[in-house]
Amino acid sequence: PHPAPLPTSRAPPRAPAPSLTRLGGLVAPAAAAGLTAAVEQDGVPPPLPADVDLSAYRIIQEALTNTARHSGGTRATVRLGYAGHGLEVEVNDDGGPVPARSGPAPSGGSGSGSGSGSGNGIAGMTERATALGGTLRAGPRPGGGFQVRAWLPLPETRPGSLDQDPAGDQP
């Protein structure tokens with residue numbers, strides 16, 4: 001007799017993990033909601049750590065969702081900038097300001113929205129960026145529209161990163 005297989009506590013994932021390589025999957029639902037979205041890229045994308053890749057994807061997802069649901073805009077541009085030791089994510093639309101969501105005020109950071117940290121609204125996007133040592137700003141653009149702009153550092157630029165030289169680059 002063979003021993004019974006151990007029960008598994010995790011089911012295999014049903015869909016590929018969210019990633020910037022799957023950005024087209026965010027643009028298609030935006031189009032279905034009546035939003036024309038374009039993607040621009042500046043620089044050559046380096047290999048991104050999973051946490052940076054996922055956070056950038058989720059920030060773009062929330063920004064496009066807010067545009068489609070709240071801004072009244074019909075066009076959005078997603079720009080990914082790869083320069084230096086970080087990733088800049090920018091989402092611009094031609095609508096009006098995104099209203100704050102109801103709920104408690106966010107603790108720390110900037111922006112408005114739910115302070116639940118569940119990834120919803122401007123507060124959730126801000127929390128994603130600051131958890132990586134980055135920044136996020138969101139607000140009306142001069143001349144109209146709304147902008148979400150995040151900077152996410154790559155590991156070699158984060159304080160206390162394991163990728164830093166433990167010797168401190170001494171001469």
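The values are calculated or read from the model by the stated rules, or taken from the named source; none is laboratory data. All values derive from a computational prediction rather than experimental measurement. Heads up, the Cβs are rebuilt from the backbone with ideal geometry, glycines too, and the neighbour counts pull from every protein chain shown. Protein only, heavy atoms only, side chains kept; ligands, DNA and RNA dropped before computing areas. Shrake-Rupley method; radii C 1.70, N 1.55, O 1.52, S 1.80 Å.
Some values worked out for this structure:
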{"quantity": "Contour minus Cα-Cα distance for Val44 and Thr135 (0.36 nm per residue)", "calculated": "30.6 nm"}
{"quantity": "Sequence of His85, His70 from largest to smallest accessible area, 1.4 Å probe", "calculated": "His85, His70"}
{"quantity": "Accessible area (Å², 1.4 Å probe, nearest 10) - Arg58", "calculated": "70 Å²"}
{"quantity": "Separation of the Ala33 and Ala15 label points, Cα + 7 Å toward Cβ, nm", "calculated": "1.4 nm"}
